[in-house]
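Below is one structure, written out as structure tokens; the observations come after it.
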Amino acid sequence: VIYFIVNTTGWSNENQIVLSPAWVERVSWAQALFYLDLTRDLIEKSPRFDPGKQLQRDDEDQLFEHYQRSKYWKDS
């Protein structure tokens, strides 16, 4: 799994966003929650996911730059 889609229903801006499982710090299976080392503000300002459009490299570039993460396709 390279990405998963998060629905921010209940937040001030209800959207779908894309996150990498590599950014998950821990999972609480009992509470059905996962914890990220990302702020809510950063997530709320994340590039939006368009389910009608296939994710392209430019979209990944924008996503990784937004979260200031190293790009897995450039790690060598």
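The values are calculated or read from the model by the stated rules, or taken from the named source; none is laboratory data. Note that this is a predicted model, so its numbers are computed, not measured. Ideal geometry is used to build each Cβ from the backbone, glycine not excepted, and the neighbour counts take in all protein chains shown. Side chains included, ligands, DNA and RNA excluded: accessible areas come from the protein's heavy atoms. Shrake-Rupley method; radii C 1.70, N 1.55, O 1.52, S 1.80 Å.
Below are the figures for this structure:
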| quantity | calculated |
| --- | --- |
| DSSP loop trypsin sites (Lys or Arg not before Pro) with at most 12 other Cβ within 10 Å excluded, longest remaining stretch of the chain | 1-44 |
| GluC sites (Glu not before Pro) restricted to the chain and DSSP loop, no more than 14 other C-beta within 10 Å | Glu14 |
| Computed over the chain, Kirkwood Rh from alpha-carbon pairs, angstrom | 13.4 Å |
| Candidate aspartates and glutamates - alpha carbon under 13 Å from Lys71, same-chain residues fewer than 8 apart omitted | Asp58, Asp59, Glu60, Asp61 |
| Cut-off 18 Å, label 7 Å out along Cα→Cβ of Asp41, residues of the stretch 51-67 by amide N | 66-67 |
| Chymotrypsin sites (Phe, Trp or Tyr not before Pro) restricted to the chain and DSSP loop, no more than 13 other C-beta within 10 Å | Trp11, Trp29 |
| Apportionment of accessible area to carbon and sulfur, the chain, percent (1.4 Å) | 49 percent |
| Å² per residue, accessible surface of the stretch 7-51 at 1.4 Å | 68 Å² |
